[in-house]
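Since the structure comes first, as structure tokens, the remarks are kept for the end.
The values are calculated or read from the model by the stated rules, or taken from the named source; none is laboratory data. Here the structure is a predicted model, which is why all the values come from computation and not from measurement. Ideal geometry is used to build each Cβ from the backbone, glycine not excepted, and the neighbour counts take in all protein chains shown. Protein only, heavy atoms only, side chains kept; ligands, DNA and RNA dropped before computing areas. Shrake-Rupley method; radii C 1.70, N 1.55, O 1.52, S 1.80 Å.
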Amino acid sequence: KAGNSRSVSLPKRLTPKLAYFIGYFLGDGGLKDIQKSYLASKTFEYKLIVGDEFLLQVKVLQKLFKDLFRVMPPIRLERIKKGEKLYYLNPTSKMIYRFLTRVFEMPSGPKADKLKVPKIIQNADSEIKRWFVRGIFDADGDTRAVEGGFKSQPRIKLRMKCSEFIFEMKKLLEETFNVSVNGPYLDKGYKSSCIQ
């Protein structure tokens, strides 16, 4: 558990640290579908999950939880012990859950077709957008996008299942940062869309 509601503190303004957390969470986080949990157990389970294959990154996320919400969820190792490459945090907090769904429009349950750049991010200044983009790319970006034989400039790739979100990211990168963006392309091997 993330702690009782008295121990949780919610951010009062949109900072670079919060923008980064939101970007990362949209890429590699998720919220349990509370309606499904209620149908199964007659209780609403306000569970969050976010993780990474690298322990160092999960320690960064753990510190962000502490700095932003005054909670310190333990790093879970169950999947590592099963041979999967995933360290993760899995706190339960109604306050944080509602903060993410109401302020940042995050979907609960499977998110593949529901992601969008939150309006609060779209309306923010370029510094906030920069940290949001950094969070997204730390979660789902790829710097190994230069195929053998290409002698053009180095590229980075963003691959996600939600094609509408990829279109929104392309627009944000082009309009806010004047970045040249190719795509989106359908990456059939991953069943996802990507820009580079």
Under 13 Å from K85, Cα to Cα: aspartates and glutamates that are on another chain or at least 8 residues apart:
D52, E53
With axes computed from alpha carbons, what is the tilt in degrees of helix 126-140 against the longest principal axis of the chain, rounded to the nearest 10 within 0 to 90?
90 degrees
Take the chain, connect every pair of alpha-carbon atoms lying under 10 Å apart with a spring to form a Gaussian network, then pick out the residue of K161, K42, K63 with the largest mean-square fluctuation.
K42
Sort 67-73, 53-59 for me by packing, meaning the mean count of neighbouring Cβ atoms within 10 Å per residue, highest on top.
67-73, 53-59
Rounded to the nearest 500, what is the 222 nm mean residue ellipticity of the chain from helices alone, with -39500 (n - 2.57) per DSSP H run of 4+ residues and division by all residues?
-12500 deg cm²/dmol
For the chain, the Rg and Dmax computed from alpha carbons only, in angstrom:
17.3, 58
For the stretch 121-139, list residues with backbone N below 17 Å from a point placed 7 Å from the Cα of D187 toward its Cβ?
134-139
With a Förster radius of 22 Å, plug the Cβ-Cβ distance of Q35 and R102 into 1/(1 + (r/R0)^6) and report the FRET value to the nearest 0.05.
0.90
Just to confirm, what accessible area per residue do you get for the stretch 1-114 at 1.4 Å probe, in whole Å²?
57 Å²
Taking the Cα atoms only, what angle lies between the long axis of helix 163-177 and the longest principal axis of the chain, rounded to 10 degrees?
70 degrees
Calculated FRET efficiency, K119 and K81, Cβ-Cβ r, R0 30 Å, to nearest 0.05?
0.15
Separation in nanometres of the label points that stand 7 Å from Cα toward Cβ, at F44 and S7:
2.2 nm
Gaussian network model of the chain, springs between alpha carbon atoms under 10 Å - residue of D125, D52, D33 with greatest fluctuation
D125
Please give the helix 16-28 orientation as an angle from the longest Cα principal axis of the chain, in degrees from 0 to 90, rounded to the nearest 10.
80 degrees
